[in-house]
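Quick one: this structure, given as structure tokens, is what I'll be asking you about.
The values are calculated or read from the model by the stated rules, or taken from the named source; none is laboratory data. Please read all numbers here as calculations on a predicted model, not as lab measurements. Cβ placement follows ideal geometry from the backbone for every residue including glycine, while neighbour counts extend to all protein chains displayed. Ligands, DNA and RNA are stripped out before the accessible areas are found, and what is left, the full protein with its side chains, is counted by its heavy atoms. Shrake-Rupley method; radii C 1.70, N 1.55, O 1.52, S 1.80 Å.
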Amino acid sequence: MSVILVFLLVIAGFAGWWLSHQRLTAKPWLEQGLAGDLVGLERSALPTAKIGLGVFLAVVGCLFSLFTSAYFMRMGLPDWRPLPLPRLLWLNTGVLVLSSVALQCAVIAARRGQTDMVRLGLATAGLTALAFLIGQLMAWRQLTDDGYLLDSNPANSFFYLITAMHGLHILGGLVGLGRTSTGAWNGARPERLRLGIELCAMYWHFLLFVWLGILAVLAGWAATFVSICQRLLT
Amino acid sequence: MAIALVLVLIVVGSVLFHFLSPWWWTPIASNWDYIDHTITISFWITGVVFSAVVLFMAYCVFRFRHREGNRAVYEPENKRLESWLTIVTAIGVTALLVPGLFVWSRFVNVPSDATEIEVVAQQWQWSYRLPGKDGKLGTSDTREVTAENPLGIAPKDPNGQDDVVVEAADLHLPVDKPVKMLLRSIDVLHDFYIPEFRAKMDMIPGSVTYFWFTPTRTGTFQVLCAELCGQGHPLMHGMVMVDTEQDYLAWLGQQQTFAQLSAPQQTGSANPLPGNTMASALDVAAKVETVEAR
Amino acid sequence: MVDVTPADAVPPAEVGEMELYHPHSWWTKYVFSQDAKVIAIQYSATATAIGLVALVLSWLMRLQLGFPGTFDFITPEAYYQFITMHGMIMVIYLLTALFLGGFGNYLIPLMVGARDMVFPYVNMLSYWVYLLAVLVLVSSFFAPGGPTGAGWTLYPPQAIMTGTPGGNDWGIILMLSSLILFIIGFTMGGLNYVVTVLQGRTRGMTLMRLPLTVWGIFTATVMALLAFPALFVACVMMLLDRLLGTSFFMPAIVEMGQQLQHSGGSPILFQHLFWFFGHPEVYIVALPAFGIVSDLISTHARKNIFGYRMMVWAIIAIGALSFVVWAHHMYVSGMHPYFGFFFATTTLIIAVPTAIKVYNWVLTLWRGDIHLSIPMLFALAFIVTFVNGGLTGLFLGNVVVDVPLSDTMFVVAHFHMVMGVAPILVIFGAIYHWYPKVTGRMLDETLGQFHFWVTFLGAYLIFFPMHYIGLIGVPRRYAELTDMTIMTESAHHLNSFISIIAFLVGFAQMVFLFNLIWSIRHGREAGGNPWRATTLEWQTPQTPPAHGNFGKELPIVYRWAYDYSVPGAKEDFIPQNVPGDFRPTREPA
Ligand code: HEM
Ligand SMILES: [Cu+2]
Ligand SMILES: [Cu+2]
């Protein structure tokens, strides 16, 4: 369970940092009225939707940390036979990076008000994300063809399970991206559109980050890293 | 007003119930009276706290109930009082925890002279295995379980041949000899529990768990399963008899070894292959532990 | 210290008006409503309905335990299905849904001074997904093989094997699917509760001016958002084990003489995941109760909550610590024994902030002006049962004491006292307290008194003696108590007594339901602020609050939530939105 505990520690760090700016040691019964100092203690200046997405991403992060924790605990049992990662995954990773970059371009374009660039960015991001999903399915195909079935080894089970979970999250993101894109083509209000694109980009970057983490775990680097850390500690 | 009276009655009633009711733990039959002492300490500390809090509440309700013209006192906090209460609570909690941890370290550290005895659970019965003359239990694996070999003892392990197998029958133990119970299950979770011995531990298919104790008086004790294991769970009873040394040896003499039980099939290949390195359940248990430590 | 600003110097509310959704038809107003108040009522009604099922199941179980062998239709299979559904419904579908989905939705926007939740559409979806989860759960009663009988902990391997009711049929599949749905639905709602507290607060509502109810619900929701994923992961993995033959949790198994296909999995892994969710879950139910009860006590004792700051810090500390104690449910599970030292220590450390909360509740009563209204009675009853259950928790958390007591009726008595009875008493108190706001009328006082006395005394009589049955050594989850040498004749009598009381308590709940329905029409008119309380929900222009909660202008908050009996003030309470200073700025001696 150490992965999830580390993750929660990070969350706790954020929470602690935020709380430390809320004057939790003030004596509220001595402070009446609406003096100037209280203003900083109210809502954040960030758009509410971004904060909402941030909280949601914390939950998603929690989910994947738990899968990783379970992965490591199960990995230590004797029947674990690691499976070779299909080469295709590297290509998919590249495609996903491209997708994130395209969305980031769309964000920049939206800030500058370049509608055409926004559309181009959104379309590229959507198509590449779709390509990523298809690539993942092809990787599954390859593995099953090579005899690495879901139930033949826990390493395989985890591979399919975690990639499927990640894929589902991308799919959900595509729904959001679709809605934003509709707005881009139908002439939504520019601020609104910009916010939508920024939210998509935030989600995309996060899922890219998660994917890199997953890749590190599935490829075994994470395990190597952990064992090095353990050796350093003992 | 009634509520103040009822609060007092609850305290008085609970204390009286505690001391007067006939329902109390069974007379102990093992060395774990340490555990009983820890429970007694816990009862004292928590009982005092419970009574104090509820009686104080009763007093407040009585004394400060609303009457015409009353007004509450304005008192946002009282740092000194709160710090004192925190410190006193911390001391009380430590007084509970420290003896508990000492007893726990006894509980998990098995004395070196303890005899190993294996309990094998399955839906819904108990079987046992005792080491034979060599004093060692052979390895075992759920995959080896067949109708003839219900405990899954590795047929090729020489250490296992003289193991005494007690299938779905009573277990006997010699009095005053420490035993280490090795717990194994071949299907679901179970839990080997004898109330008079105070100790219990879950059994997990695929690994071996343990606890130890020393029976301190002779008698017959009922085994209960204390982990839900399907619809037969409440009926999964067994018997353990704690005997004098003589009675115990007499009983042991009547039991059959693994080799004897599987003899009909084994005629012809009397010499089992030595030195096989089968992944035993014990290895798995060790692995589980290292994994959890991460 | 911040000085007082005269009221008229304050500019009008600058809170950016959110785009409030406006219903256009009856359907979007009362059924597919995005108004948090309507959603709250939908959540509460659904939770109560499914809770009644759990109540009836508890009667059936008590019939079997109190009068063994008398009721043939309660077979062991049926008994296990009853305890599983009873436990799961009570903990998740009733308490979690009612506290967070019900009270959270109703109270958060009103108490922080918002017009609605920040994402009303997602909030609405949350309810419908929850309803779907409940329907899936209910459908398992009608599925072939019936609901699962694996116990609410759903431990594999037995949860997905033939020896357990529903293990090889639909039961377990529907259970796991329902939980997955619940978690998805809850996450949608939870995002709303958290972000509304972060972003929806009106001007002047700093964190330290929040009523403790909001603190409790807020912290519990944060915990739930982080803890439920663990259950989600466990459910998904178990579904795969059951349906697709993987071996996450399933080791090599011989079932009734048959070798199963699984191999190598770890049942302990499931337990870690389950309790990583399961322990925080206890506090997800407890923290809202803590918060609400603080407000009930303060309001009805006409006194500020004693040690507000300590109360807030304790809530945060408990929330954080409860993520590092999960394995105290696994002391005898066969995990590495050395974990016992660590988890016993963290568990007993949690007792300290919890105890501080108890002290501060009773110290709030000290030198108060205690009105023994029904919410106050329930609050007092909560303290008794919570202290009782909390103290027996010190037994079970102290690893070696847990060895003889774990998995006995002592545990059943303990968790019913602390997370069954205690939070339910708070829920009742809260309903008596806020019903006038929701409906505009008071609940009937006489029926309320009857309900209170029977419920409180009955629950205590059920669960206090039950500890002693556990002390004898009687295991929990026993469908039959026959043929046990430790079960004496007198212990059987005690069981019958408990069962009879359980029926009485159940009956009192029917009276309560009647009161709830009858008073909607016939209750005494309440007015806007019948308890003379300070928090914002009582200051709305209309009662029940209209769509948008606060009329034209959002309230501005000038003070904390506990200005009761302020020296020098005319009334014994000053609402949070009333400007002006009434006291010396220095701390009272
Ligand atoms: C008058 C009210 C209640 C009665 C009479 C009652 C009775 C029971 C009984 C007889 C059992 C089975 C004990 C066993 O054989 O192991 C049980 C289990 C349980 N109850 Fe209750 N109960 C009540 C209320 C509640 C409430 C409010 C909760 C909410 C937390 C709750 C949560 C549970 C849980 C979690 C279990 C364990 C299920 C399992 O072992 O899997 N109960 N209850
Ligand atoms: Cu059992
Ligand atoms: Cu716990």
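This table checks each residue for (1) within 25 Å of the chain's Cα centre (by Cα); (2) under 21 Å from B:HIS190 (Cβ atoms); (3) within 16 Å of ligand 2 (Cβ to nearest atom).
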site	(1), (2), (3)
C:GLY390	yes, no, no
C:VAL401	no, no, no
C:VAL412	yes, yes, yes
C:PRO423	yes, no, no
C:VAL426	yes, no, no
C:VAL438	yes, no, no
C:PHE464	yes, no, no
C:ARG477	yes, yes, yes
C:ASN495	no, no, no
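Then there's this: Where residues in region C:274-295 are within 14 Å of another protein chain (Cβ to nearest Cβ) and of a type in the set (A, V, I, L, M, F, W, C), which of them is farthest from ligand 2 (Cβ to nearest atom)?
C:VAL293
Using the structure shown, decide if C:PHE512 is open to solvent by 40 Å² or more (accessible area, probe 1.4 Å) and at pLDDT 95 or above.
When the stated conditions are applied, C:PHE512 does not pass them.
From C:GLN261, C:GLN271, C:GLN199, grab the single residue that is in contact with a helix residue (DSSP H, G or I) (Cβ under 9 Å, 6 or more places away or on another chain) and within 14 Å of chain B (Cβ to nearest Cβ).
C:GLN271
Okay, moving on. Residues in region B:213-261 that are open to solvent by less than 50 Å² (accessible area, probe 1.4 Å), within 11 Å of chain C (Cβ to nearest Cβ) and in contact (Cβ under 8 Å) with a residue 24 or more places away in the chain: how many?
Looking only at that region, the number is 15.
Keeping to region B:177-193, report how many residues are in a loop (DSSP other than H, G, I, E, B) and surrounded by fewer than 23 Cβ atoms within 10 Å (Cβ to Cβ).
Matching residues across region B:177-193 total 2.
So, one more: Name every residue in region C:320-332 that is surrounded by fewer than 24 Cβ atoms within 10 Å (Cβ to Cβ) and either away from ligand 3 (no atom under 13 Å from the Cβ) or at the interface with chain B (Cβ under 10 Å from one of its Cβ atoms) (or both), in order of residue number.
Within region C:320-332, C:ALA320, C:MET330 meet the criteria.
On to the next question. Run down A:TYR148, A:TYR160 and say which single residue is touching a residue at least 40 places away in the same chain (Cβ under 8 Å) and of a type in the set (Ser, Thr, Tyr).
A:TYR148
In region C:544-560, is there at least one residue being basic (Lys, Arg), in contact (Cβ under 8 Å) with a residue 60 or more places away in the chain and over 15 Å from C:THR439 (Cα atoms)?
Yes, region C:544-560 contains a residue that is basic (Lys, Arg), in contact (Cβ under 8 Å) with a residue 60 or more places away in the chain and over 15 Å from C:THR439 (Cα atoms).
Also, I was wondering about something else. Which condition from (1) under 19 Å from C:ILE374 (Cα atoms); (2) acidic (Asp, Glu); (3) within 16 Å of ligand 1 (Cβ to nearest atom) is the one that C:GLU480 breaks?
In the conditions (1) under 19 Å from C:ILE374 (Cα atoms); (2) acidic (Asp, Glu); (3) within 16 Å of ligand 1 (Cβ to nearest atom), C:GLU480 misses (1) alone.
Separate question: Please enumerate the residues belonging to region A:61-100 that are buried (at least 20 other Cβ atoms within 10 Å of the Cβ), in a helix (DSSP H, G or I), within 14 Å of another protein chain (Cβ to nearest Cβ) and not aromatic (Phe, Trp, Tyr).
Hits for region A:61-100 are A:GLY61, A:CYS62, A:LEU63, A:SER65, A:LEU66, A:THR68, A:SER69, A:ALA70, A:MET73, A:ARG74.
Quick check on this structure: which one of C:LEU181, C:LEU176 is more than 9 Å from chain A (Cβ to nearest Cβ), modelled with pLDDT of 95 or more and within 20 Å of the chain's Cα centre (by Cα)?
C:LEU181
Would you be able to tell me the number of residues in region C:117-147 that are more than 23 Å from the chain's Cα centre (by Cα), surrounded by 20 or more Cβ atoms within 10 Å (Cβ to Cβ) and among the hydroxyl-bearing types (Ser, Thr, Tyr)?
Residues meeting the conditions: 1.
Among residues belonging to region B:6-32 that are more than 10 Å from every other protein chain (Cβ to nearest Cβ) and under 24 Å from C:TRP453 (Cα atoms), point out the one that is most open to solvent (accessible area, probe 1.4 Å).
That would be B:LEU16.
What are the residues in region C:329-360 that are in a helix (DSSP H, G or I) and within 16 Å of ligand 1 (Cβ to nearest atom), if any?
Answer for region C:329-360, where residues must be in a helix (DSSP H, G or I) and within 16 Å of ligand 1 (Cβ to nearest atom): just C:HIS329.
From the list B:ALA250, B:ALA270, exactly one residue is away from ligand 2 (no atom under 16 Å from the Cβ) and modelled with pLDDT under 90. Which is it?
B:ALA270
What are the pairs, 6+ residues apart or on separate chains, where a residue within region B:173-189 that is at the interface with another protein chain (Cβ under 7 Å from one of its Cβ atoms) and in contact (Cβ under 8 Å) with a residue 24 or more places away in the chain has its Cβ under 6 Å from a residue that is of a type in the set (Phe, Trp, Tyr) and within 16 Å of ligand 2 (Cβ to nearest atom)?
Once the first residue is at the interface with another protein chain (Cβ under 7 Å from one of its Cβ atoms) and in contact (Cβ under 8 Å) with a residue 24 or more places away in the chain and sits in region B:173-189, its partners that are of a type in the set (Phe, Trp, Tyr) and within 16 Å of ligand 2 (Cβ to nearest atom) give B:LEU189/C:TYR155.
Go through region B:99-141 and give me each residue that's more than 10 Å from chain C (Cβ to nearest Cβ) and loosely packed, with under 14 Cβ neighbours inside 10 Å.
B:PRO111, B:SER112, B:ASP113, B:LYS133, B:ASP134, B:GLY135
Within region B:48-60, track down each residue that is more than 8 Å from chain C (Cβ to nearest Cβ) and either among the charged types (D, E, K, R) or free of Cβ contacts under 8 Å to residues at least 40 places away in the same chain (or both).
B:VAL48, B:ALA52
Quick one: B:ILE35 ticks every box in (1) more than 8 Å from every other protein chain (Cβ to nearest Cβ); (2) touching a residue at least 12 places away in the same chain (Cβ under 8 Å); (3) more than 16 Å from C:THR385 (Cβ to Cβ) bar one, so which box is it?
Among (1) more than 8 Å from every other protein chain (Cβ to nearest Cβ); (2) touching a residue at least 12 places away in the same chain (Cβ under 8 Å); (3) more than 16 Å from C:THR385 (Cβ to Cβ), the lone unmet condition for B:ILE35 is (1).
Residues are listed down the side, and each one gets a yes or a no for (1) of a type in the set (Gly, Ala, Ser); (2) crowded, with 23+ Cβ neighbours inside 10 Å; (3) free of Cβ contacts under 8 Å to residues at least 60 places away in the same chain; (4) outside any helix (DSSP H, G or I):
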residue: C:VAL426; (1), (2), (3), (4): no, yes, no, no
residue: C:ALA430; (1), (2), (3), (4): yes, yes, no, no
residue: C:VAL438; (1), (2), (3), (4): no, no, no, no
residue: C:THR446; (1), (2), (3), (4): no, no, yes, no
residue: C:GLN449; (1), (2), (3), (4): no, no, no, no
residue: C:ALA459; (1), (2), (3), (4): yes, yes, no, no
residue: C:PRO465; (1), (2), (3), (4): no, no, yes, no
residue: C:ILE469; (1), (2), (3), (4): no, yes, no, no
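Only one residue in C:LEU372, C:LEU363 is surrounded by fewer than 24 Cβ atoms within 10 Å (Cβ to Cβ) and either assigned by TED's automatic domain parsing to the domain that holds C:GLY420 or assigned to a loop (DSSP other than H, G, I, E, B) (or both). Which one?
C:LEU372
Quick one: in region C:481-499, of everything that is open to solvent by 50 Å² or more (accessible area, probe 1.4 Å) and within 18 Å of B:MET239 (Cβ to Cβ), which residue is farthest from the other protein chains (Cβ to nearest Cβ)?
C:THR482
Among the candidates B:ARG71, B:ARG67, single out the residue that is open to solvent by 50 Å² or more (accessible area, probe 1.4 Å), in contact with a Lys or Arg (Cβ under 9 Å, 6 or more places away or on another chain) and free of Cβ contacts under 8 Å to residues at least 24 places away in the same chain.
So the residue among B:ARG71, B:ARG67 that is open to solvent by 50 Å² or more (accessible area, probe 1.4 Å), in contact with a Lys or Arg (Cβ under 9 Å, 6 or more places away or on another chain) and free of Cβ contacts under 8 Å to residues at least 24 places away in the same chain is B:ARG71.
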